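Some notes on the structure that comes next.
The values are calculated or read from the model by the stated rules, or taken from the named source; none is laboratory data. Predicted, not measured: the structure shown is a model, and the values here were computed from it. No Cβ is skipped: glycine too gets one built from the backbone with ideal geometry, and neighbour counts run over all protein chains shown.
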Amino acid sequence: MIWLKRFLMAVGALSLLIAFGVMFFMDFSEDKPHVLSEYPNAHWRGGADGGQYIEVTKSEPPYYFVQVRHESGELWDEGWLKFGDENSEPLTSNSVIAFSGEGVIYLQQRKVLSSEKAKAK
């Protein structure tokens, strides 16, 4: 019975040493900010596994023209959307939570990009 206790204590101590070793070698530094030099107003939305750049290129409240770009800077999607009314705060790239493709952009509510301003909702 004493050998079992000693074995379990050794396994526990070894597990703690391994855990501390892993934590010592892990990199907890912050990621470098994602910046597109060709599009300095485009803001990164995403994480380590991917994302996209969002840029509001034209502002005619309540209509805004939004461009969404891949990590490489290539244009993914673009279109108009209607946000608020003429007296509302303007739409900025920071107002966008995510873009899921096929023109669906997430703000505080779901919006869909439209190729024409008159069709924007």
Here is a list of conditions, (1) in contact with a Gly (Cβ under 9 Å, 6 or more places away or on another chain); (2) of a type in the set (A, V, I, L, M, F, W, C); (3) over 21 Å from V112 (Cα atoms), and M9 meets all of them except one; can you say which number that is? (1)
Determine if the range 11-20 includes at least one residue that is out of contact with any Leu (no Cβ under 8 Å at 6 or more places or on another chain), more than 21 Å from A98 (Cα to Cα), in a loop (DSSP other than H, G, I, E, B) and modelled with pLDDT of 90 or more. no
Would you pick out the residues in the range 85-102 that are closer than 17 Å to T57 by Cα and not hydrophobic (A, V, I, L, M, F, W, C)? E89, P90, T92, S93, N94, S95
Scan the range 18-45 residue by residue and report those that are under 16 Å from S95 (Cβ atoms) and either surrounded by 17 or more Cβ atoms within 10 Å (Cβ to Cβ) or under 13 Å from the mean Cα position of the chain (by Cα) (or both). A42, H43, W44, R45
Of the listed residues (L91, L81, L113, L107), the one being touching an Asp or Glu at 6+ places or on another chain (Cβ under 8 Å) and aliphatic (A, V, I, L, M) is L113
Among the numbered criteria (1) within 19 Å of L113 (Cβ to Cβ); (2) of a type outside the set (A, V, I, L, M); (3) part of a loop (DSSP other than H, G, I, E, B); (4) without any contact (Cβ under 8 Å) to a residue 24 or more places away in the chain, which single criterion is violated by T57? (3)
When residues of the range 98-121 are limited to those that are surrounded by 14 or more Cβ atoms within 10 Å (Cβ to Cβ) and outside any strand (DSSP E or B), the one modelled with the lowest pLDDT: L113
Would you please name the residue that is surrounded by the most Cβ atoms within 10 Å (Cβ to Cβ), looking only at residues in the range 66-92 that are free of Cβ contacts under 8 Å to residues at least 24 places away in the same chain and under 18 Å from G103 (Cα atoms)? H70
I'd like to know if the range 55-62 contains one or more residues that are within 19 Å of the chain's Cα centre (by Cα) and loosely packed, with under 12 Cβ neighbours inside 10 Å. no
Please list, ordered by first then second residue, the pairs with beta carbon atoms under 8 Å, 6 or more apart or interchain, first in the range 13-35 and free of Cβ contacts under 8 Å to residues at least 40 places away in the same chain and on the phi < 0 side of the Ramachandran plot, second exposed (fewer than 10 other Cβ atoms within 10 Å of the Cβ) and in a loop (DSSP other than H, G, I, E, B). D31/A48
